Amino acid sequence: MLSSKKPTKGARVIFAACLLCLGLLCSVPAALAQPQEDAAKSILQAMSDYMSKLKTIELTFDSSIEIITPQLEKIQFNSSGELLLSRPNRLWAHRVSGHADVTMFVDGKTVTVYGKRANGYAQFAFGGTLDQLIASLRAGRGVALPGADLLVADPYAALAAGVLEAKYLGTGIVDGVSCEHLAFRNFDTDWQLWVQAGDQPIPRKLVITSKTMNCAPQHTIHVKSFKGGVKPKAGAFTFVPPAGATQLEPEALIELDELPNQRPQGAKK
């Protein structure tokens with residue numbers, strides 16, 4: 001029950017002090033907003049410049065994606081993978097999960113996606129750059145590739161497009177490595193990025209949160225190991241069909257999806 005007694009002078013002083021403290025706390029983010037934003041963008045630019053200079057990249061990663069059922073149950077699917085990139089137009093990537101074991105080969109002329117469990121592969125001709133391939137897979141084939149913006153020729157331009165707000169949140173630790181923690185807001189997503197501190201500002205973790213769906217599902221990419229300037233082995237990007245492999249139609253690229261074909265009824269990512 002609310003009391004009808006008149007507050008004492010001491011109570012009014014305490015209440016006023018509390019309001020003052022709250023006002024000061026609320027004003028701090030506004031005062032620091034510009035330095036935070038400048039720091040976040042500066043670190044993102046440094047990461048972009050470093051990544052752009054690397055002609056070859058080899059990394060391993062873990063990935064998770066969440067879906068929301070009609071009953072508002074959140075379910076997470078996990079996968080692991082490895083990747084070898086050689087600019088401007090060659091790529092080898094392998095991803096394995098509980099429902100798929102898929103490898104992509106890009107040799108500069110042809111894109112091949114091989115599904116080990118089905119022992120089948122799909123191919124299509126492509127002579128453009130990796131940036132153009134990523135755009136083509138997203139626009140023409142419905143493949144999201146959320147972490148691919150970290151690997152394009154200019155990651156800053158790709159990642160900063162549409163950013164409404166940027167924050168530098170200080171340092172964080174990823175796999176025992178000190179990282180700069182950044183947070184960004186777009187119209188329909190919030191995303192966080194952990195960039196390794198020091199003279200090798202590589203991306204260590206990316207978390208993308210959807211703001212357009214109930215329960216705010218997330219997609220997380222966690223870089224486990226990273227090497228720049230590696231020398232790819234001969235034939236690393238060339239696909240040789242295994243014995244008995246069946247060539248499929250290009251529509252089979254749906255296997256690039258991180259979700260199982262039989263997902264919980266009505267679930268959306």
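A few points about this structure:
- Scanning region 86-125 for residues that are aromatic (Phe, Trp, Tyr), over 24 Å from Asp62 (Cβ atoms) and crowded, with 18+ Cβ neighbours inside 10 Å yields one hit, Tyr121.
- Residue among Leu83, Leu32, Leu44 that is surrounded by 10 or more Cβ atoms within 10 Å (Cβ to Cβ), at pLDDT 50 or above and touching a strand residue (DSSP E or B) at 6+ places or on another chain (Cβ under 6 Å): Leu83
- Against the conditions (1) in a helix (DSSP H, G or I); (2) surrounded by fewer than 18 Cβ atoms within 10 Å (Cβ to Cβ); (3) at pLDDT 95 or above, Ser136 satisfies every one except (3).
- Check on Leu193, out of contact with any Cys (no Cβ under 8 Å at 6 or more places or on another chain), part of a helix (DSSP H, G or I), at negative phi and touching a residue at least 60 places away in the same chain (Cβ under 8 Å): no
- Residues located in region 150-169, provided they are crowded, with 19+ Cβ neighbours inside 10 Å and either closer than 21 Å to Leu59 by Cβ or among the hydroxyl-bearing types (Ser, Thr, Tyr) (or both): Leu150, Leu151, Val152, Pro155, Leu159, Tyr168
- Looking across region 55-78, the residues that are of a type in the set (Ser, Thr, Tyr) and either buried (at least 19 other Cβ atoms within 10 Å of the Cβ) or over 18 Å from Ile221 (Cα atoms) (or both) come down to Thr56, Ser63, Thr69.
- Output for region 217-240, where each listed residue is aliphatic (A, V, I, L, M) and either touching a residue at least 12 places away in the same chain (Cβ under 8 Å) or part of a strand (DSSP E or B) (or both): Ile221, Val223, Val230, Ala236
- Sole exception among (1) of a type in the set (A, V, I, L, M, F, W, C); (2) at pLDDT 75 or above; (3) part of a helix (DSSP H, G or I) for Leu22, by number: (2)
The values are calculated or read from the model by the stated rules, or taken from the named source; none is laboratory data. Keep in mind the model is a prediction, meaning the values are calculated, not measured. Using ideal geometry, Cβ is built from the backbone for each residue, glycine included, and neighbour counts are taken over all protein chains shown.
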